[in-house]
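Encoded as structure tokens, the structure appears first; notes follow it.
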Amino acid sequence: MGYRDERESLRQRNQALEQELAAARRALSKDRGGGNLGLAEAPQRPPTGLIITAIVVLLAVGIALFRLGLMLLLPAVVALIVSLLLVLVASRVRVVRPGEALVLSGRQVRHADGSVSGCRIITAGRVAPMPLVEQVEHLDLRPFLVELRLSKVPCKGGATVTIQGVSLARIGIAPELLVRAAERFLGLSRRHVQGLVGQSLTGTLRAAIAHFTPAQVAAERERLSQSCLAEAELGRLGIEVMSLRILTVADDAGELDARGHQRLEQLRRERHMAPGGAS
Amino acid sequence: MGPPVIVILALGLLCAVAVLFIVSRMICVVGPSELLVISGSRRRIGDHAVGYRLLRGGRALRWPWIERIDRLDLSVLPVTVQHQALLTVDFVPLSIEVEAAVRVVGQPPTADAAAQCLLGKPRAEIVELAAALIGGSLAHVVASCTPEQIQSDPSHVESLVIAEADFELRAIGLEVERLVLGSVTDELGYLVTAAELQTG
């Protein structure tokens, strides 16, 4: 049957993905010399107070020298150079806003426990990447919508249903999710990430529906979405699903329609039987 | 013999202008219907570090260049949700419209969620997110009600939808201010029959 093949191919794809993941993990652990996650703390706050004090002292010394009439040019030149350096440093600082993470790659980072990793992920504060050496990339951690439209999904008992759903997902903020997401989604557009997550959810929803009859899909949608989420394991991609809802359900054989009509007929009968209700 | 007075004056003026410029970049003022997010300095919330602080109303000082400010609009967002063929518990398909008003929450801890989830998103996109979450909750609630319940007691359905959507909306920093069930129609003619049964 068609859906058997489909499930088989899904399973194969899952296996392939898993192997890929395992290989990536091995490479990662080799790279990092352990199971460390490679999340570095944002660097210390630049010594702003120190810089301001230095400028003030410099200006004072400059003015003193000026008043003494000694070396008019030197303090001015020094002040100029210092302020240029300051501006240079300030313009390099990247502030990490809430809802985003910066991934700095290109320089090995040694952690407190002695392990070494190839990139650092900054989720809070600010960072001044080293010029030329470090490359900065940006991960959007804000949630996005994924619309799910599945048609002619085979159900238990052979009927097929068409369903519409909506899901809210985001790249997880937990450190281990962030690392996985950085490996997969770095540099991809939001639309691309949406597409990948949608594909994954659609596939597992399809597989999950196979265990439900059309009536069950409509009545037990909570259980369906729970089992879909449990199977999707989007945590492996570094994705956190915040909501998954099934909106509309229609079966192609018309079983659900028929049950709606049955209910209507029942109501009409009640109406005829009700005292004074017959017309 | 010192340098000419005019030179010293000019130097002082230059310094004053520089200080004024820096101070003007440091002060940020927050209006009553907005939430200011100052990112760049680390602080702790519970056991994890975040890189921002929130400010609602009033003013604050920030370090220029190394702290960045963003604003979140706290005004009310109108959301309209319209769904067709939502199945009730007895499989009668209904078309339901819901009018809601949501807003970004200004008080922590929900405000933290708002900063992390909605910062920089245009209003239209926030409305779209809210509409999707409310629509999902609506479908869920309708699936557990009969058409008679929806028709006879809309306020109960409204409170159910609010309760259902509240958790997910708060997770992204929104709250429902008002939610009203609009028109409820069905192609089957079920509601009309049910109404006749009740009155007749």
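Could you count how many residues in the range A:224-273 are among the small types (Gly, Ala, Ser) and more than 20 Å from the chain's Cα centre (by Cα)? Break it down into steps so the answer makes sense when it comes.
First, pick out the residues of the range A:224-273 that are among the small types (Gly, Ala, Ser): A:225, A:227, A:230, A:232, A:235, A:238, A:243, A:250, A:253-254, A:258, A:260.
Checking the rest, the ones that are also more than 20 Å from the chain's Cα centre (by Cα) come to A:227, A:250, A:253-254, A:258, A:260.
So the answer is 6.
The set of residues from the range A:251-271 being of a type in the set (A, V, I, L, M) and either surrounded by fewer than 21 Cβ atoms within 10 Å (Cβ to Cβ) or more than 8 Å from chain B (Cβ to nearest Cβ) (or both) comprises A:ALA253, A:ALA258, A:LEU264, A:LEU267.
Over 18 Å from the mean Cα position of the chain (by Cα), facing another protein chain (nearest Cβ under 8 Å) and part of a helix (DSSP H, G or I) - does that describe any residue in the range B:10-19?
Initial filter on the range B:10-19 (over 18 Å from the mean Cα position of the chain (by Cα)): B:10-19.
Subsequent filtering for residues that are facing another protein chain (nearest Cβ under 8 Å) retains B:11, B:15.
This time we only want the ones that are part of a helix (DSSP H, G or I), so: B:11, B:15.
Yes, the range B:10-19 contains a residue that is over 18 Å from the mean Cα position of the chain (by Cα), facing another protein chain (nearest Cβ under 8 Å) and part of a helix (DSSP H, G or I).
State all residues of the range B:67-100 that are in a strand (DSSP E or B), within 7 Å of chain A (Cβ to nearest Cβ) and within 24 Å of A:ASP251 (Cα to Cα); if no residue qualifies, say none. Walk me through it before giving the result.
Step one: filter the range B:67-100 for residues in a strand (DSSP E or B), giving B:68-73, B:77-87, B:93-100.
Cutting the leftovers down to within 7 Å of chain A (Cβ to nearest Cβ) gives us B:68, B:70, B:83, B:85-87, B:93.
Correct list: B:HIS83, B:ALA85, B:LEU86, B:LEU87, B:PRO93.
Looking only at the range B:162-193, residues that are more than 17 Å from the chain's Cα centre (by Cα) and modelled with pLDDT of 85 or more come to 6 in all. Among the residues of the range B:44-66, those that are within 8 Å of chain A (Cβ to nearest Cβ) and either hydrophobic (A, V, I, L, M, F, W, C) or in contact with a Cys (Cβ under 6 Å, 6 or more places away or on another chain) (or both) comprise B:ALA49, B:VAL50, B:TRP63, B:TRP65, B:ILE66.
The values are calculated or read from the model by the stated rules, or taken from the named source; none is laboratory data. Worth saying up front: this structure is predicted, and the values here are computed from it rather than measured. Note that we place each Cβ from the backbone using ideal geometry, even for glycine, and neighbour counts take in every protein chain shown.
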